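Encoded as structure tokens, the structure appears first; notes follow it.
Please treat every number below as a calculation from the coordinates, not as lab data. It should be emphasised that the depicted structure is a prediction, and the values quoted were computed from it without experimental measurement. Quick reminder, even Gly has a Cβ in these numbers, built from the backbone with ideal geometry, and neighbours come from all protein chains shown.
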């Protein structure tokens, strides 16, 4: 009854109006559905963008941390390079010192070799001198033995001469020296006095000869022994120094 009162002129609703309204409603529903679908898609895209933003932020943080780490590593590498340069310079200086020390050692070695050669030549000459002195000392000892034997023979002859002079049966001393052809005849007292004086002179001369021979022998032996000892000690000292 209400719808009937709303009718214009009290007549029926035209079908075109109803169709238009239905079509408008259908269009509105389709539009709403399309907009709703697009809105859902946009919301999904927004969620994806938010997730990508979070992921990008995390990646950015990781990149920042990695960058900081790389900067620290680069700084440490720079420090290591600087320290390596310092070590290289120190090694160069040390190598230069070692080369100088090696050159000095070579020079000292060459000089030591020259000194060794000189010492060897000196030792050889000292050995030759020692052998010569030893030979000379042996010869001197042989000469001393010969002189001592000759001295003993001379002393024996002198003793025999003394006995001959002091013998009471001989009025004249037996001597290899030829006597004067004319000898005055003396008394026994005068002859005994002359014999005593001759004996005293012979004894004094014999003592002087013995003392001189002993002094010469002792002096020669002492000089030769001292010279030989000095040469030997010098040779031993050189050998000990080498």
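Some points to look at:
- Filtering 145, 113 for residues that are surrounded by fewer than 13 Cβ atoms within 10 Å (Cβ to Cβ), assigned to a helix (DSSP H, G or I) and more than 50 Å from the chain's Cα centre (by Cα) leaves a single hit, 145.
- Restricting the first member to the range 19-44 and to residues that are touching a residue at least 60 places away in the same chain (Cβ under 8 Å), and the second to residues that are assigned to a helix (DSSP H, G or I) and surrounded by 10 or more Cβ atoms within 10 Å (Cβ to Cβ), no beta-carbon pair is closer than 7 Å while six or more apart or on different chains.
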